[in-house]
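Read the structure below first, then the notes.
The values are calculated or read from the model by the stated rules, or taken from the named source; none is laboratory data. These numbers were taken from a predicted model, which means no experiment stands behind them. Don't worry about glycine lacking a Cβ; one is built from the backbone with ideal geometry, like all the others, and counts go over all protein chains shown. SASA here: full protein model, heavy atoms, side chains in, ligands and nucleic acids out. Shrake-Rupley method; radii C 1.70, N 1.55, O 1.52, S 1.80 Å.
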Amino acid sequence: MTHRLLVIEDEPTLSRLLSYNLSNEGYEVTVEEHGQTGCDAALKSEFDLILLDLMLPGMNGFEIMSKLRSEGVKTPIVILTAKNAEEEVVQGLKSGADDYITKPFGVAELLARVAAVLRRSTGQDERDKPQLQPESQISLGELAIYPEKYEVTLGGEHITLRPKEFEVLLYLARKPGVVMTRDDLMNAVWGFDYIGGQRTVDVHVSSLRKKLELDPQSVHIDSIRGVGYKLVVNKKRIAHHFG
């Protein structure tokens, strides 16, 4: 199956470079050079992945991501950001981006990142893993996680998590009290071939931690400086339920 990609990039030389190399790799590529028309294209047609520049005329990349996510568009987004623009990367990931590429980048890196995101979004990584008995629920104190439904409640209140936030929480919840390194989390949630930096993990944990503040006495995430993170639960109330 040919994957359909949308490139939203206003710099003509770069947009032609992206289109040429992605087309040569076998992808069907649509290019938009204006923020508003790019957003309209993403809303009107179905794409398998969007490559999105952040600085665009008419509508910037952050506004586009916000609009798409609010409209329920779940297409994976890879943002294109300037070198040393850490704040842009953090804001982009919080806005719903799945990955990022720092300019300037090589063709090999571009193709590797696109292929990795597509594998994750289509479930290829999951199909390659051994199939285990699915868990119907994991309960830790007042925290309840439903892996099959991608739902979480804390103290009976529903918590809205983005897919990667849910996967990070689920990974930590399977071994409460055990320190998981950033590499552990990156490999488990983003895949072994993920090229992005560990900052991606930190951003998602930070966002997840804020959402767990609804009941911090029951469950919270501790940072272990220089190592990683662990999920801390009121042990007197831990119970596992597997289906």
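Points worth noting:
- Karplus-derived 3J(HN,Hα), 6.51/-1.76/1.60, for each residue of segment 85-91, Hz, glycine and proline x: 9, 4, 4, 5, 4, 4, 5
- Nearest-ten-degree value, helix 107-122 long axis tilted from longest Cα axis of the chain: 50 degrees
- Long pairs among Lys67/Lys230; Lys44/Lys211; Lys94/Lys175; Lys103/Lys210; Lys103/Lys149; Lys67/Lys211, criterion Cα-Cα beyond 29 Å: Lys67/Lys230; Lys44/Lys211; Lys103/Lys210; Lys103/Lys149
- Accessible solvent surface per residue of the chain, calculated while the other protein chains remain in place, 1.4 angstrom probe, Å²: 51 Å²
- Choice from Phe62, Phe105, Phe47 with maximal GNM fluctuation in the chain (Cα, 10 Å cutoff): Phe105
- The protection proxy used here, the mean number of other Cβ atoms lying within 10 Å of each residue, ranks peptides 161-173, 24-36 as follows, highest first: 161-173, 24-36.
- Think of it as helices only: each DSSP H run of n ≥ 4 in the chain is worth -39500 (n - 2.57), and spread over all residues that comes to -11000 deg cm²/dmol at 222 nm.
- The chain - percent of accessible surface contributed by carbon and sulfur, probe 1.4 Å: 49 percent
- Helix 163-173 and the longest principal axis of the Cα set of the chain meet at an angle near 30°.
- Share of pairwise Cα separations in the chain, more than 34 Å, in percent: 21 percent
- Sparse packing (at most 16 other Cβ atoms within 10 Å of the Cβ) combined with a DSSP loop state is found for the following trypsin sites (Lys or Arg not before Pro) in segment 78-120: Lys83.
- Binned Cα-Cα distance frequencies in segment 1-90 - 5 Å width, integer %: 3, 14, 27, 26, 18, 10, 2, 0
- Against the chain, whose longest principal axis comes from its Cα atoms, helix 199-211 is set at around 50 degrees.
- Packing, taken as the mean count of other beta carbons within 10 Å per residue, orders the peptides 8-17, 67-76 from highest to lowest as 8-17, 67-76.
- Proximity of backbone amide H atoms, modeled 1.01 Å from N, is registered between Leu143 and Gly155 at under 5 Å, excluding neighbours fewer than 5 places apart on the same chain.
- In sequence order, calculated HN-Hα J values of segment 176-188 (Karplus, 6.51, -1.76, 1.60; Hz; x Gly/Pro): x, x, 9, 6, 10, 6, 4, 5, 4, 5, 4, 5, 6
- Protection proxy ranking, highest mean first, for peptides 201-209, 177-185: 201-209, 177-185, where packing is the per-residue count of other beta-carbon atoms within 10 Å, averaged.
- Cα gyration tensor shape of segment 49-121, rounded if a/c is under 1.5, else prolate or oblate by comparing a/b with b/c: oblate
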